[in-house]
Structures are given as structure tokens and as C-alpha cells.
Amino acid sequence: MTNFKGLDILDGAQFSREDLEHVMAVAADFRQQLAQQPGLDLLKGYVMGTLFFEASTRTRLSFETAMLRLGGGVVGFASAAGTSTSKGESLADTIRTVDQYVDVIAMRHPEIGSARVAAEAAQVPVINGGDGAGQHPTQALLDLFTIRSERAQVDGTTIVLCGDLKNGRTVHAGVELYKHYDCKLIFVAPEQLKMPADITAHLRAHGVTVEETTDMAAALAQADVFYMTRIQKERFADPAEYERLKGSYVLTRELIERVRPNATILHPLPRVDEITTDVDALSNAAYFRQVQNGVTVRMALIALVLGKVE
Amino acid sequence: MTNFKGLDILDGAQFSREDLEHVMAVAADFRQQLAQQPGLDLLKGYVMGTLFFEASTRTRLSFETAMLRLGGGVVGFASAAGTSTSKGESLADTIRTVDQYVDVIAMRHPEIGSARVAAEAAQVPVINGGDGAGQHPTQALLDLFTIRSERAQVDGTTIVLCGDLKNGRTVHAGVELYKHYDCKLIFVAPEQLKMPADITAHLRAHGVTVEETTDMAAALAQADVFYMTRIQKERFADPAEYERLKGSYVLTRELIERVRPNATILHPLPRVDEITTDVDALSNAAYFRQVQNGVTVRMALIALVLGKVE
Amino acid sequence: MTNFKGLDILDGAQFSREDLEHVMAVAADFRQQLAQQPGLDLLKGYVMGTLFFEASTRTRLSFETAMLRLGGGVVGFASAAGTSTSKGESLADTIRTVDQYVDVIAMRHPEIGSARVAAEAAQVPVINGGDGAGQHPTQALLDLFTIRSERAQVDGTTIVLCGDLKNGRTVHAGVELYKHYDCKLIFVAPEQLKMPADITAHLRAHGVTVEETTDMAAALAQADVFYMTRIQKERFADPAEYERLKGSYVLTRELIERVRPNATILHPLPRVDEITTDVDALSNAAYFRQVQNGVTVRMALIALVLGKVE
């Protein structure tokens with residue numbers, strides 16, 4: 001197994017199945033501890049830098065909550081406005097500066113590859129909280145952890161990924177983890193937003209069963225896990241085409257109850273219209289538990305890279 | 001008495017006199033403890049979300065200081081910029097997300113009723129830090145607590161409220177609390193900015209003695225407590241009218257010393273010109289102690305809704 | 001020696017040599033303690049206000065990290081947007097408000113003299129984190145501490161200050177400290193950006209040996225410490241003149257190794273092009289250690305003004 005102490009968490013592909021199992025075991029243990037007490041003392045005195053060059057309230061607050069629940073403190077910024085970058089400083093210099101202050105860095109940045117640049121500049125571990133259209137490994141890990149929590153195990157499940165599979169870094173990062181499990185993947189997307197061919201080829205080469213379809217209901221009928229994502233208007237040249245497609249990728253309570261009442265419903269959020277709010281009350285609608293799992297998974301990663309848990 | 005554990009704090013009207021007395025007793029106890037030590041350990045491990053969709057440094061820092069002095073931690077944001085709302089997420093979904101992270105939410109939002117929407121979406125208690133022209137219950141509570149601190153008791157006092165009584169949520173929230181006490185209320189405002197008739201009617205129906213006047217000095221002559229608020233230029237169609245009125249609602253040291261030297265002077269701040277700075281040095285100018293009381297009152301509310309004090 | 005408890009830290013000129021030695025001794029002690037544990041419990045329960053009316057990620061995060069490592073908490077803001085100043089509140093009133101919340105204030109503000117205004121309004125100690133083109137005493141102290149750390153002592157060293165010496169508050173604040181030591185100062189700047197004559201006169205009157213030149217390499221040849229600063233384009237009426245000069249004030253690895261391989265290289269950062277990145281790997285390139293020293297020096301100042309260390 002990878003030695004996590006001092007490790008940068010940059011993309012989903014860096015993990016072996018054994019690594020994934022270990023992160024999830026640590027997260028499960030933290031979840032159990034938090035059921036008995038509001039927070040821990042494990043990282044007392046430690047400081048995390050949350051450097052969000054791109055705003056993301058959900059992800060930033062999740063990282064910060066994770067650090068506070070572990071007993072540590074947080075410094076950082078919520079947007080690039082006012083950072084030294086605007087005075088012409090390089091990203092590497094900004095990172096080297098914060099590196100002098102903190103014990104671990106969680107970063108989000110609009111440019112692909114920026115997390116790796118930061119990891120090379122910093123001596124402390126860097127956790128990628130999303131680098132543009134690139135990677136988002138903590139989201140992928142919390143998705144996997146949620147599937148395991150909701151379904152008891154990942155092996156043997158059929159996972160449907162639906163929506164914008166071309167541009168969604170969440171699903172790209174996710175399949176890098178699912179490939180280690182004996183599960184079947186079904187990709188549901190309009191033609192313009194299909195999963196890139198190199199990714200499906202990579203998965204099949206890895207022995208994963210992959211199906212592709214444009215028919216959401218047919219995929220749902222097979223789903224143990226249905227992972228919905230948002231289709232973004234700005235990806236379409238023709239607004240009429242967008243409107244037409246948008247309507248065919250809306251998950252309703254009626255559809256779920258009719259076609260596959262027990263499928264676990266996930267969504268990385270924010271949700272706009274693609275899951276109707278009447279779905280929320282279903283016991284298998286797991287997207288807000290998914291948000292909560294983000295905290296425990298990030299607690300696990302922070303504690304691991306700081307060498308405070310085995 | 002209301003059971004505070006898990007309670008949302010949404011508006012002043014939700015409290016009975018017994019409730020108010022209890023919140024103030026807890027606040028007084030915290031104030032005494034803070035006189036002996038910088039902070040407490042009561043909320044160690046707990047996390048508060050301060051969600052300020054509308055900027056308010058005074059209120060936000062007051063809530064955050066309260067949580068830190070109780071030993072807890074804080075995550076949040078200081079303005080709506082960069083929140084998921086800008087990606088089309090509903091307020092309810094944003095709240096449900098933060099609900100997974102934190103133990104209590106303090107929120108300010110520009111829209112009336114938003115605090116109630118948040119309280120319905122969240123499982124953790126929500127404390128309204130101001131919802132547009134709606135309610136601002138923590139301000140009303142700290143005002144009441146300040147009157148009790150400065151005057152020993154609220155019963156038997158004559159309270160003058162002066163300024164923009166039509167639009168001021170601070171005074172609207174305040175009278176909802178004063179009505180539980182045996183005190184006389186005098187409203188001083190220009191005709192255009194009078195206290196809404198339904199509020200004065202509601203107070204009189206509740207047995208409160210209410211007087212209305214446009215004469216500030218005459219009211220001051222009767223005041224035990226003089227609560228000043230700002231008259232905002234943008235409320236007037238005719239700028240000349242604004243200038244004329246503004247001048248007649250300025251509280252000076254000379255006036256206080258001549259007319260009513262021992263009146264307790266309050267103001268919710270920020271103050272612009274309506275209290276001259278030479279008033280600040282008077283021992284009965286209590287508006288900065290009022291600010292300080294905001295911290296202890298918010299400590300009391302946070303600890304109460306988390307069930308950490310009886 | 002000055003009694004630090006309750007003291008405002010406003011400018012470099014307020015310190016005697018004995019004061020400087022004391023601050024550095026406390027900082028060195030904290031550095032040693034942090035080598036053995038991530039943080040201390042010294043300021044448990046205390047709260048600092050970081051009021052950054054002007055954005056500065058480097059300085060703000062340094063102050064906040066210092067407070068967290070001491071065991072305290074932080075409230076504040078990172079820019080003037082949304083503060084009560086925009087509602088017409090005076091700086092003094094804003095400070096008096098925060099004064100009710102916190103135990104110590106660290107402030108940055110774009111106007112010269114604002115730190116003194118704040119110190120007069122506040123009862124708690126105020127630490128100036130930069131007031132416009134005015135003072136920046138914590139930067140000067142961390143520079144001095146870095147020189148002592150890197151060179152064992154400050155007496156006997158030749159310190160070269162290079163770049164924009166006319167407008168740079170960092171160098172203006174620095175020479176106020178260096179004058180207490182037996183060191184030689186060499187100022188390197190283009191004619192347009194020379195150190196103001198009143199400052200050189202003040203230093204000479206104080207018995208300091210001062211040389212002035214436009215020749216960077218000649219100065220470097222004598223340097224024990226070479227302190228580089230950025231030349232800002234906006235200071236020049238003629239862009240061509242800027243381009244010509246900029247080129248002559250770039251510190252390269254080749255130049256250092258040829259002329260003065262063991263000079264300690266400092267820079268307040270951010271760095272743009274005036275030190276090439278190949279210099280970073282030199283063991284005597286100390287500018288990132290300088291950043292780290294900022295945390296321990298600020299820890300020393302915070303603990304001193306709060307009376308928590310002797």
C-alpha cells in the first residue's frame with residue numbers, strides 16, 4: 001500500500017484498490033468517532049491552508065469543516081481576488097509562501113495541472129480540490145465511499161453515470177476509482193456530451209464492462225447506483241437543442257418509483273432542475289448524505305497525509 | 001418556558017417574557033465568566049456556519065467571536081459572491097448542504113422570509129442574523145439586554161425610539177420584546193418615516209403605552225433610554241426635505257446635558273452624523289457596550305440552541 | 001526596555017535596540033518550540049481581529065497563522081468590500097466596534113496614518129500590518145530577525161538595499177531598525193527612485209555609514225546581505241526608461257556566484273522578474289525562510305502585547 005504520510009493527493013489514478021480501501025476504512029472510523037463527539041483533538045496545533053483561486057463554497061467549507069473537526073485550524077482565501085497573483089506573482093511563489101505557514105494545503109484552481117505545479121513547489125502535502133477541467137480526486141473518493149456506505153459494497157454493482165460525461169471532471173475522476181472494482185458502468189449522455197472515447201477504451205482495457213446509451217430510463221432500469229450530473233447550457237451551440245435534451249435528462253420521483261425504486265441516487269451538487277425536489281424525500285436519495293461523507297473522507301485524507309493515522 | 005435545544009431563532013415575536021429573561025440570565029452568566037478568562041471550552045469540537053449572503057461585518061464578527069469564545073470553530077462566507085446560488089442552486093439546497101457540515105447556522109440574507117426557508121431546510125438550528133427588511137432578533141435581544149444592564153431593570157422605563165421607524169427592522173424587532181415589559185414607548189420620527197400603524201395598534205392592544213411625536217427634544221426630556229437610528233437619504237423623494245429633517249434629528253452632547261443628562265443612549269450602529277462624536281465620552285452613552293453585549297447574547301443563544309446550557 | 005503589554009506596534013522608529021533584541025529573543029524561542037510541536041496553548045480563548053481594508057494574502061495569512069499557532073482564534077475581513085465604511089461609518093467607529101470583540105487587532109489600510117487613528121480608537125493593542133505608503137513595522141522586524149538568523153549577528157554586516165527606495169515602505173521601515181546596529185548601508189537605485197534625502201540624512205546623523213550608487217554589481221560585491229525589491233512600472237512616465245532600468249536591476253544566479261557567492265539574498269515578496277528563479281536553489285537565498293520568520297516574529301509581537309510572555 002502507498003505510504004500516505006507526506007503524499008500529495010492529485011488525481012484518482014494514483015490510488016490502488018488497497019489505497020482506496022484504506023482511505024475508506026479511516027473515513028468510516030472517523031464517522032463513527034463523530035457520532036459520539038462533535039470533534040477530535042488529533043490535529044491540535046496544526047494549520048491547513050485552503051487556497052481557493054476559484055470560488056467553491058461547498059468544497060471549501062467541506063475541507064475547512066474536516067480540519068476543524070480534527071482539532072486543527074484554517075487560514076486561506078475564498079477567491080483569487082486580492083491574492084499576490086494579481087501583482088504578477090507566479091503560482092509556484094504563492095504556494096512556496098503558504099508552504100512556510102501551514103502543514104497541509106487544500107487547493108482549487110481554474111487551470112488544469114495547477115495542483116501538480118503546487119505540489120512540486122510545496123514541501124507540505126497538497127490536496128487537489130479541483131483543477132479546472134482536470135481532476136477532483138476528493139469528490140471521486142467521497143462518491144465511492146458513499147456507494148460503499150449505501151450499498152454495503154462496490155463490487156457487483158451496476159453504476160449509471162448520466163448527464164454531461166464529456167466535460168464532467170467528477171465522472172472522469174470517478175471512473176478512475178470504479179475501475180478497481182468488479183462493477184458494470186453504464187454511461188448515459190446525449191451524443192454531444194458522450195464520455196471521451198479514450199476513457200471508455202482505457203476502462204475496457206482494464207477489464208471494466210462499459211455500456212453507452214442515450215436512454216436514461218433504460219439505464220435506470222439496470223441501476224444499483226444512479227449518478228446524475230448537470231447538463232450545462234453553455235456547452236451547446238444551438239439553444240433549441242439544449243432545451244430539447246435538458247428535458248430528457250430529468251430524474252423524477254415518478255420515474256424512479258416506476259422503473260427502479262431502490263436505486264441509490266447520487267449527485268455531486270449543485271443541482272438545478274435535473275433531479276426534481278420530490279426525489280429528496282426518498283430514502284435512497286443519497287446526495288445530501290454524499291455531502292456529509294465529503295467531510296469524513298477529507299478528514300481521512302488530511303489525517304493520512306499528515307501521518308496522524310496509520 | 002420554551003425548550004431552546006434545537007430551536008430556530010427567527011424573530012422577536014417567538015419569545016415569551018420568561019424566554020427573554022432566561023436568555024438574558026445565560027448571557028449575564030457568560031459575561032461574568034469572560035471577565036475571568038478569555039474563552040470557554042463549552043463548545044469544543046462544535047462548528048458554526050456563518051452564511052452571510054449580505055455583507056455585515058459587525059454582525060458576522062459578533063457571531064464568530066461568540067462561537068470562538070465558547071471554544072467552537074467557524075466556517076462560512078461573508079458575501080453571496082461565489083456561492084452556489086450563482087450557479088442556480090436554491091437557497092434550500094445550499095442550506096441542506098451546510099446542514100451536513102455544521103452544528104448551528106447563523107445567517108443573513110437580503111430577502112424577507114429567507115431565514116424561515118433556511119430553518120425549514122436545515123435540521124440544525126438556524127439563527128436569523130437579519131433577513132432583509134424583515135427580522136433581526138439577535139439585535140433586539142442585545143438591545144434589551146443592554147437596557148437591563150444599564151438601567152438594572154426594563155420595567156418602569158420610558159424608552160424613546162428615534163429616527164427612521166418606518167423601515168428600521170431593528171426597532172420593529174425591538175418593540176416585539178419591549179411589549180412584554182411594563183414600559184412606556186415614545187416614537188420620534190418625521191411624518192414620512194413614522195412607525196407603521198399596525199405596529200402601534202398591536203402594541204396598544206398588548207397594553208403598551210405608546211406616544212408619537214416629531215419633537216426629539218421633548219421626547220428626550222422623558223427618556224430613560226434614548227434609542228437613536230439613522231435616517232437614510234434614499235428614503236426621500238425631495239433631497240431638500242431630507243436635509244431639513246436630518247438636521248432636526250441629531251443628538252448632541254449639549255442637548256443631552258441640557259435636557260436629560262442621565263438618559264441611556266443607544267444606537268444599533270453604524271452611526272453617521274445622527275449622534276455627534278462628543279457624546280461618546282458620556283458615561284451613559286452605551287452604544288459601544290451595546291456592541292459588546294451582542295457577543296454575550298449570541299453566546300447565550302448558540303449555547304442554548306445546542307443544548308449546552310439549561 | 002519598553003513595556004510591551006498593551007503596546008500598539010505602529011512603526012519601526014518606536015523601538016530601541018533593547019526592544020528589538022527582546023522581540024527577536026522571544027521569536028527565536030517560539031521558533032524552537034514550534035520545531036517540537038505544531039502549536040502552543042498560550043493564547044487559548046483569545047481572539048485576534050485581522051482587519052485588512054486592503055488585500056494582502058501574504059501578510060494576513062502570516063498574522064492568522066501566528067495567532068492559530070499560539071492557540072488563539074481569528075475573526076476579520078480580507079478586503080474593505082462590505083465593511084461598514086461603505087455605509088459611511090468612520091474608521092474610528094469601525095475600530096471601536098471590533099475593539100469590543102477581540103483582544104488584539106492586526107490591521108492593514110491604504111491610508112498613511114490610519115494605524116495611529118485605529119490605535120487611538122481602540123483599547124486593545126493595534127499592530128500595524130501596513131498603512132499605505134507609511135509604515136510596515138512587522139515586515140521590518142522579520143527582515144531584521146532573518147538577517148540575525150542567517151548571519152548570526154547584525155553588527156558588522158554590510159546591507160545593500162536595491163530597487164525602488166523612494167516608494168518602498170519596506171525599506172523605509174527597515175532602515176529605522178538597522179540604524180541601531182553597527183552596520184553599513186548601501187542604497188542601489190535608479191536616480192528617479194533614490195532613497196529620500198531626509199532619510200539618508202537622518203541615518204547619517206544617527207552615525208550610520210551610508211553609500212549610494214546606481215551600480216548593482218558593485219554594491220553586491222560588498223554585500224553581506226542583499227535586499228532586493230521590485231521596481232514598479234507605474235512609477236515611470238516613460239515606459240522605455242522603465243524597460244531599460246528594469247533590465248539593470250535583475251539579480252541572477254550567475255551574477256551572485258561570480259560576484260558574491262555567500263551574500264544572504266532577501267526580498268519582501270512578491271517577486272516578479274527582479275530575482276531569477278534559478279537563484280532560489282542557492283542555500284543563501286533566504287527569502288522563503290524570511291516568509292517563515294514572519295510567522296514567529298508576529299507570534300512574538302502578539303504574545304508580547306497581550307502580556308503573555310515577559
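Remarks
- Residues considered: A:VAL309, A:VAL295, A:VAL291, A:VAL279. Of these, the only one that is within 14 Å of chain B (Cβ to nearest Cβ), more than 18 Å from the chain's Cα centre (by Cα) and either under 30 Å from A:ASP19 (Cβ atoms) or aliphatic (A, V, I, L, M) (or both) is A:VAL279.
- Qualifying residue in segment B:143-157 (condition: free of Cβ contacts under 8 Å to residues at least 12 places away in the same chain and either in the same structural domain as B:THR97 (by TED's automatic domain parsing) or not in a helix (DSSP H, G or I) (or both)): yes
- Those residues of segment C:109-150 which are in contact with an Asp or Glu (Cβ under 6 Å, 6 or more places away or on another chain), farther than 14 Å from C:GLY12 by Cα and not hydrophobic (A, V, I, L, M, F, W, C), in sequence order: C:HIS109, C:PRO110, C:SER114, C:GLN123, C:PRO125, C:GLY132
- Matching residues in segment A:25-58 - criterion: being more than 10 Å from every other protein chain (Cβ to nearest Cβ), buried (at least 18 other Cβ atoms within 10 Å of the Cβ) and among the charged types (D, E, K, R): A:ARG31
- Filtering B:GLU89, B:GLU111, B:GLU64 for residues that are under 25 Å from A:LYS233 (Cα atoms) and of a type outside the set (Phe, Trp, Tyr) leaves a single hit, B:GLU89.
- Output for segment A:1-24, where each listed residue is surrounded by fewer than 15 Cβ atoms within 10 Å (Cβ to Cβ), of a type in the set (D, E, K, R) and assigned to a loop (DSSP other than H, G, I, E, B): A:LYS5
- Test: residue in segment A:33-41 that is within 24 Å of A:ALA122 (Cβ to Cβ), polar (S, T, N, Q) and outside any helix (DSSP H, G or I): no
- Residue within segment A:121-143 that is within 14 Å of another protein chain (Cβ to nearest Cβ) and on the phi > 0 side of the Ramachandran plot present: yes
- Subset of segment C:225-252 [among the hydroxyl-bearing types (Ser, Thr, Tyr), away from chain A (no Cβ under 14 Å) and not in a helix (DSSP H, G or I)]: C:TYR227, C:TYR249, C:THR252
- Qualifying residue in segment B:162-180 (condition: closer than 20 Å to B:THR229 by Cα, assigned to a strand (DSSP E or B) and over 13 Å from the mean Cα position of the chain (by Cα)): yes
- Complete set of residues in segment A:263-276 that are among the charged types (D, E, K, R) and facing chain B (nearest Cβ under 9 Å): A:ARG271, A:ASP273
- For segment C:131-142, filtered to residues that are under 11 Å from the mean Cα position of the chain (by Cα) and part of a loop (DSSP other than H, G, I, E, B), the residue that is surrounded by the most Cβ atoms within 10 Å (Cβ to Cβ) is C:HIS136.
- Any hit, segment C:66-83, residues being within 27 Å of C:ARG169 (Cα to Cα), assigned to a helix (DSSP H, G or I) and at pLDDT below 95: no
A quick yes/no check of all residues on (1) among the polar types (S, T, N, Q); (2) crowded, with 17+ Cβ neighbours inside 10 Å; (3) in a strand (DSSP E or B):
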site	(1), (2), (3)
A:GLU254	no, no, no
A:ARG258	no, no, no
A:PRO261	no, no, no
A:PRO268	no, yes, no
A:SER283	yes, no, no
A:VAL291	no, yes, no
A:GLY294	no, yes, no
A:ARG298	no, yes, no
A:LEU304	no, yes, no
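- Sole exception among (1) farther than 25 Å from A:LYS246 by Cα; (2) assigned to a loop (DSSP other than H, G, I, E, B) for A:MET195, by number: (1)
- Hey, B:ASP93 charged (D, E, K, R) and closer than 20 Å to B:GLY12 by Cβ or not: no
- Every residue from segment B:1-47 that is small (Gly, Ala, Ser), out of contact with any strand residue (DSSP E or B) (no Cβ under 9 Å at 6 or more places or on another chain) and at pLDDT 95 or above: B:GLY6, B:SER16, B:ALA25, B:ALA27, B:ALA28, B:ALA35
- Residues that are acidic (Asp, Glu), closer than 23 Å to A:HIS136 by Cα and in contact (Cβ under 8 Å) with a residue 12 or more places away in the chain within segment A:168-211 comprise A:GLU176, A:ASP182, listed in sequence order.
- Among the residues making up segment A:172-184, those that are in contact with a Leu (Cβ under 7 Å, 6 or more places away or on another chain) and either among the aliphatic types (A, V, I, L, M) or over 16 Å from A:ARG148 (Cβ atoms) (or both) are A:VAL175, A:LEU177.
- Any hit, segment C:89-98, residues being in contact with a helix residue (DSSP H, G or I) (Cβ under 9 Å, 6 or more places away or on another chain), under 17 Å from A:VAL102 (Cβ atoms), in the same structural domain as C:HIS109 (by TED's automatic domain parsing) and not charged (D, E, K, R): no
- Whichever residue in segment C:59-79 is β-branched (Val, Ile, Thr) and at the interface with chain A (Cβ under 9 Å from one of its Cβ atoms) and, among such residues, is farthest from the chain's Cα centre (by Cα): C:VAL74
- Qualifying residue in segment A:175-186 (condition: surrounded by fewer than 19 Cβ atoms within 10 Å (Cβ to Cβ) and more than 27 Å from A:VAL26 (Cβ to Cβ)): yes
- Within segment A:235-255, residues that are more than 12 Å from A:CYS162 (Cβ to Cβ) sit with their Cβ atoms under 6 Å from residues that are of a type in the set (Asp, Glu) and in a helix (DSSP H, G or I), at 6+ positions apart or across chains, in these pairs: A:ARG253/A:ASP278.
- Exactly one residue out of A:THR229, A:THR200, A:THR214 is in the same structural domain as A:ILE159 (by TED's automatic domain parsing), touching a Pro at 6+ places or on another chain (Cβ under 7 Å) and crowded, with 19+ Cβ neighbours inside 10 Å: that is A:THR229.
- Among the residues listed as C:GLU111, C:GLU89, C:GLU64, the single one being more than 22 Å from A:ALA81 (Cα to Cα) and without any contact (Cβ under 8 Å) to a residue 40 or more places away in the chain: C:GLU89
- Number of the condition not met by B:VAL98 [criteria: (1) part of a helix (DSSP H, G or I); (2) modelled with pLDDT under 95]: (2)
- B:PHE53 vs. criteria over 30 Å from C:LYS44 (Cβ atoms), touching a His at 6+ places or on another chain (Cβ under 9 Å) and outside the structural domain of B:ILE199 (by TED's automatic domain parsing): yes
- Taken over segment C:93-104, the criterion of being at the interface with chain B (Cβ under 8 Å from one of its Cβ atoms) and within 25 Å of the chain's Cα centre (by Cα) is satisfied by C:VAL98, C:ASP99, C:VAL102, C:ASP103.
The values are calculated or read from the model by the stated rules, or taken from the named source; none is laboratory data. The structure displayed is predicted, hence computed values, not measured ones. In this analysis, Cβ positions are derived from the backbone assuming ideal geometry, glycine residues included, and neighbour counts consider all displayed protein chains.
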